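Following: one structure in structure tokens, then a few remarks.
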Amino acid sequence: MELGRLLRERRSIHVFEDRPVPPELVMELLEDAVWVPNHRMTQPWRFILTYGEGRRKIAEAVRKINADKEADPGKKKEAGQKFYDKIMAIPMILTVLMREDPNPVVREEDYAATCCVIHNFSLLAWERGIGMVWKTHRWLHDPIFREAMGIRPGERAVGNLQIGYPAKIPSAQPRITAAQRLTVIDQA
């Protein structure tokens, strides 16, 4: 597909078909996705791919986090179960991590590069008929989730990519044109 068209047609997918995405295909897409600009070639990213019964690990951690946060004791179980069921309905989750450099300039460059990996992955997946949405839930930073997923000290969870074959493709949302946000400085 032409790149410009691919950029305009890609959508964030929230509803997936009940069919698995081959993990080998995700690995193939990631091998291409990591070819991003990375100023110091730190390549700070790491990925955790969760699917099938493995999703229970995330679902259980999130159930506990949300139940613990619920103030009403009668609603604790209900709050946790809602998120558990949502996670188990997602065919595949890719947790994207980034090693946090102590130098804030390098850390910012690394975050930008890691975000580019995510964007590349989303385009490559879309080109192959796979949809995803990038989620940055608050529980990505919770010690319960971090421990359950084996997130190391010094790693930042940049997001969970919910991956699957689209059951429903939303309409395009309007965009502000680049021309409306462009300032040109001409030194002639």
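In table form, for the structure just shown:
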{"quantity": "For peptides 31-43, 115-127, sequence by mean Cβ density within 10 Å, most packed first", "calculated": "115-127, 31-43"}
{"quantity": "Length-normalised contact order of the chain in % [C-alpha pairs under 8 Å, at least 6 apart]", "calculated": "35"}
{"quantity": "Antiparallel %, DSSP beta bridges [both residues in the chain], to 5", "calculated": "95"}
{"quantity": "Theoretical ellipticity at 222 nm over the chain - DSSP helices of four or more residues, -39500 (n - 2.57) apiece, nearest 500", "calculated": "-13000 deg cm²/dmol"}
{"quantity": "Using θ = phi - 60° and Karplus 6.51 cos²θ - 1.76 cosθ + 1.60, couplings along segment 87-95 (whole Hz; Gly, Pro as x)", "calculated": "5, 5, 8, 8, x, 8, 10, 10, 8"}
{"quantity": "Long-range tail of P(r) for segment 1-42 (Cα pairs > 11 Å, %)", "calculated": "78"}
{"quantity": "Pairs of lysines in the chain (C-alpha under 24 Å apart; 8 or more residues apart or interchain)", "calculated": "27"}
{"quantity": "Residue-count net charge about Ile13 - beta-carbon cut-off 15 Å; Lys, Arg +1, Asp, Glu -1", "calculated": "+3"}
{"quantity": "Full-stretch length increase - Asp68, Val106 - with 0.36 nm per residue and alpha-carbon distance subtracted", "calculated": "10.1 nm"}
{"quantity": "Cut-off 20 Å, label 7 Å out along Cα→Cβ of Phe47, residues of segment 100-120 by amide N", "calculated": "100, 110-120"}
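Where a number appears in this text, it was derived from the coordinates with a stated rule and is not lab data. Nothing here was measured: the structure is a model prediction, and the numbers come from that model. Please note: Cβ atoms are built from the backbone with ideal geometry, for glycine as well, and neighbour counts cover all protein chains shown.
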